[in-house]
1. State which residue is nearest to the chain's Cα centre (by Cα) when the search covers only the stretch 137-168 and only residues that are without any contact (Cβ under 8 Å) to a residue 12 or more places away in the chain and assigned to a loop (DSSP other than H, G, I, E, B).
2. When you scan the stretch 26-77, how many residues do you find that are among the small types (Gly, Ala, Ser) and in contact with a Lys or Arg (Cβ under 7 Å, 6 or more places away or on another chain)?
3. Filter the stretch 75-90 down to the residues that are in contact with a strand residue (DSSP E or B) (Cβ under 8 Å, 6 or more places away or on another chain) and either of a type in the set (Asp, Glu) or modelled with pLDDT under 95 (or both), then identify the one that is nearest to residue 154 (Cα to Cα).
4. Are any residues in the stretch 117-136 exposed (fewer than 12 other Cβ atoms within 10 Å of the Cβ) and either part of a strand (DSSP E or B) or modelled with pLDDT of 90 or more (or both), and if so, which ones?
5. Specify the residue that is surrounded by the fewest Cβ atoms within 10 Å (Cβ to Cβ); the eligible residues are those in the stretch 95-109 that are of a type in the set (A, V, I, L, M, F, W, C) and closer than 24 Å to residue 138 by Cα.
6. Taking residue 159, is it more than 14 Å from residue 46 (Cα to Cα), surrounded by fewer than 18 Cβ atoms within 10 Å (Cβ to Cβ) and charged (D, E, K, R)?
7. Taking the condition outside any loop (DSSP other than H, G, I, E, B), closer than 19 Å to residue 43 by Cβ, without any contact (Cβ under 8 Å) to a residue 60 or more places away in the chain and of a type in the set (A, V, I, L, M), does residue 110 pass?
8. Identify, by number, the condition in (1) among the β-branched types (Val, Ile, Thr); (2) modelled with pLDDT under 95; (3) farther than 20 Å from residue 49 by Cα that residue 110 doesn't meet.
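The values are calculated or read from the model by the stated rules, or taken from the named source; none is laboratory data. All figures in this text were calculated on a predicted structure; none of them were measured in a lab. Positions of Cβ are generated from backbone atoms using ideal geometry, with glycine treated the same way; all protein chains shown enter the neighbour counts.
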Amino acid sequence: MEKASSERNPPELLDVVDEEGRVIGQATREMCHSNPELLHPTVHFTLLDLKNRAVLLSKRNRDKKYDGGMTTFFGEHIFSGESANLALIRGVEEELGFRPMGFLSLGTKIFRYGNQKELATFYLVTYRGEELNFDVDEIESLEWVPLETVKGYDDNVEEITKYWIDRFDWEKLSY
């Protein structure tokens, strides 16, 4: 006998946090996306190829509910009880098909849009030539953008990605 849909795929449970990132409760992803009072943590990331001095941007599939057809960095929700670092590792594995060996957090910011509010931590992930196997249901295409030109990149860029692009001095970036 086939299980009911909710039993096969239980709702994602996310932590609800205060503006300092302290956990104050839990809610489902759907609840967090429909109530702007529920601040939930996320990670956003890009690959940094220092050898070729470039960062990776993605074009989301046009049929996606959030950011469809837009240029974005990558992102993941942080599941309840999961650390930001583990969510980042899971996100790179899910979105790009490899386990990251090095990464650096560059900051955290609260974003409010639509009916949701998220506490986003942004990471640079070291790219060492790994094969990229992206999820074609999520991502239409990938583009390596030179560090010298990423600051001026403005091809239908999603709001959170635009914030991170504008925030850093990409030309001088190294770690």
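1. The qualifying residue nearest to the chain's Cα centre (by Cα) is 154.
2. Going through the stretch 26-77 one residue at a time, the tally reaches 2.
3. Taking the candidates together, the pick is 75.
4. Matches in the stretch 117-136: 129, 131, 133.
5. So, considering only residues that are of a type in the set (A, V, I, L, M, F, W, C) and closer than 24 Å to residue 138 by Cα, the one surrounded by the fewest Cβ atoms within 10 Å (Cβ to Cβ) is 101.
6. Criteria met by residue 159.
7. no
8. Among (1) among the β-branched types (Val, Ile, Thr); (2) modelled with pLDDT under 95; (3) farther than 20 Å from residue 49 by Cα, the lone unmet condition for residue 110 is (2).
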